[in-house]
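Just so it is clear, none of the values below were taken in a lab; they were calculated from the coordinates. Since the structure is predicted, the reported quantities are computational estimates derived from the model, not experimental observations. No Cβ is skipped: glycine too gets one built from the backbone with ideal geometry, and neighbour counts run over all protein chains shown.
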Amino acid sequence: MRIGIIGAGQLGQMLGHAAHDLGVECRFLDPSVSPPAAECGDVIQRPFDDADALAELAATCDVITYEFENVPVAALQQIAGKVPVFPPAAALRSAQDRLDEKRLFDELDIPLAGYRAIDNREDLEAAAASLGLPMVIKSRRFGYDGKGQFVVLEPDDIDKAWNSLGVQPLIAEQWVPFDFEVSCIGVRNADGDVRIYPLSRNEHDDGILRVSRAPVDAPELSNSAADYVRQLLEHLDYVGVLALEMFVKDGCLLANEFAPRVHNSGHWTIEGAATSQFENHLRAVMNLPLGSSASRGHAGMINLIGNIPDAARALTSAYLHDYGKTPRPGRKLGHITVVSDSAEDRDALVSKIAESVTQSTSGPETVT
Ligand code: AMP
C-alpha cells in the first residue's frame, strides 16, 4: 500500500511517521526544497496544480490525501477519477471559502456568530449597521492563522478595512468576546465508522495557535461539539480527519471554521490519545478499522514558533517534536507535548514550559 500526500510540511511529516509505524509507504507532492516530510518518503518537487505531477502521484499511489486546505479543488478533481481521493473535494471546497463554510454551518443548524458577504464598500457599511461593532472582516479565501483579517472597532475603521482588504471577496463576522476557544477533532472511514477525540482548549496569539490542552472537563460542551462534528462528517460523506474550531461564550458553542485535515490542535494525540489523529487519518483513508480516540491522561501541547530554544531540548518530562525547518520569525518549527495524571499537574508543566520557550519565539511574520 502506498499513500500519496499532497503537501510535505510538518503535517505530512507526522502522517509519514504514522504511516511508517503502520508499515505503509508515502509519496508526497510539494514544490518546496527539502520539506519536513522528505524524511518520510519520495517527494515529487512540483507545484500542487502541476497536471503531470498529479497524474504521476495518482498512477503510483493506491489512495491520495492532502495535508493543507489550499490545494486547488480542480487538482483533486483531476485525479479523483483515477484513484480514491480523501477527504472529498466537496469538503475542501466549503473549507476554502469562509462564506460557503458558514452557510454549511447554518444549513446543519450548527450555531455561529452573525455574518454578511461583502462584495463592495456599501456592503461594509450595511454589515456594520446590522451586525454592530466590533466586527471582523476576513478574506473569504486563502486566509490562515489570522492572515487577511481586519477588526473594525469604530465607524472610522471601515475605510481602513476596505483599503487594506478590498478588491477580493470578503466576509464580515460579528466579533465574539469569547471566554475561550476549543476545537473538536473527528475521523470517519469509508464504512461510516466515526471516532471523536476529546475536546481541546486552545490559546491563540496574533491569530496563531500557541497552546492546546485536552481533555476539557465540560461534558455538555463536549457532547454538543461531538454532535456538530458528526453532522459535518455525515453530511459531507467525509473520509479522514476533520477539525472544527469553535468559540465558547457563556457556556455555548459558536462555530468559527473547520479544517478538512489533521490539525495543529490535535498534535497532543500522538502521545496523549490511544490512537493519534495521524494514524486514524491514515486508517480512515485506507478504510481500515479506526483506533480508539480516548485520551491517555491530561495532555498539553505548546507550539514552538520562530526558534527552538535550548531550553526545549533540555526538557526531560516532555516530548519534543522538531520539524527540521529553517528558523524564521513567526514560523511553526516544532511543538512540545506533556501528558500528566491530573489537569493541575499538566497546567503547571505547560505554564513552566511555555514561559521558558516563548521568551524568544514570537514574531509578527507568519509562514506555516
Ligand atoms: P481564524 O483565521 O478565523 O481561525 O481566526 C484566527 C483567530 O482570530 C481565532 O482563533 C480567534 O482567536 C480570532 N478570531 C477570529 N474570528 C473572530 C471573531 N469573529 N471574534 C473574535 N475573535 C475572532
Inset, instruction - Using only alpha carbon pairs under 8 Å that are at least six residues apart, calculate the relative contact order of the chain and give it in whole percent. - result: 13
Inset, instruction - Under 11 Å from the Cβ of F68, count the other residues' Cβ atoms, weight Lys and Arg +1, Asp and Glu -1, and hand me the total. - result: -2
Inset, instruction - Report the local net charge at I158: Lys and Arg +1, Asp and Glu -1, summed over other residues whose C-beta lies under 10 Å from its C-beta. - result: -3
Inset, instruction - Could you work out how far the C-alpha centroid of region 68-115 sits from that of region 1-47, in angstrom? - result: 22
Inset, instruction - Mind listing the long-range amide H neighbours of L170? Cut-off is under 5 Å, sequence gap 5 or more, other chains count too, H placed in the peptide plane at 1.01 Å from N. - result: I118, R140
Inset, instruction - Taking amide H positions as placed in the peptide plane 1.01 Å from N, state which residues far from C26 in sequence (5 or more) or on other chains have amide H under 5 Å from it. - result: I3
Inset, instruction - Count the DSSP beta bridges whose two residues both fall in the chain, then state the antiparallel fraction as a percent rounded to the nearest 5. - result: 80
Inset, instruction - Classify the chain as rounded, prolate or oblate from the Cα gyration tensor: take a ≥ b ≥ c as the square roots of its eigenvalues, call it rounded if a/c is under 1.5, otherwise prolate when a/b beats b/c and oblate if not. - result: rounded
Legend entry - Neighbourhood charge, 11 Å Cβ-Cβ cut-off, centred on A214 and excluding it, Lys, Arg +1 and Asp, Glu -1: +3
Inset, instruction - Indicate the gyration tensor shape class of region 220-303 (rounded, prolate or oblate), computed on the Cα atoms with a ≥ b ≥ c the square roots of the eigenvalues: a/c under 1.5 is rounded; otherwise a/b larger than b/c is prolate and the rest oblate. - result: oblate
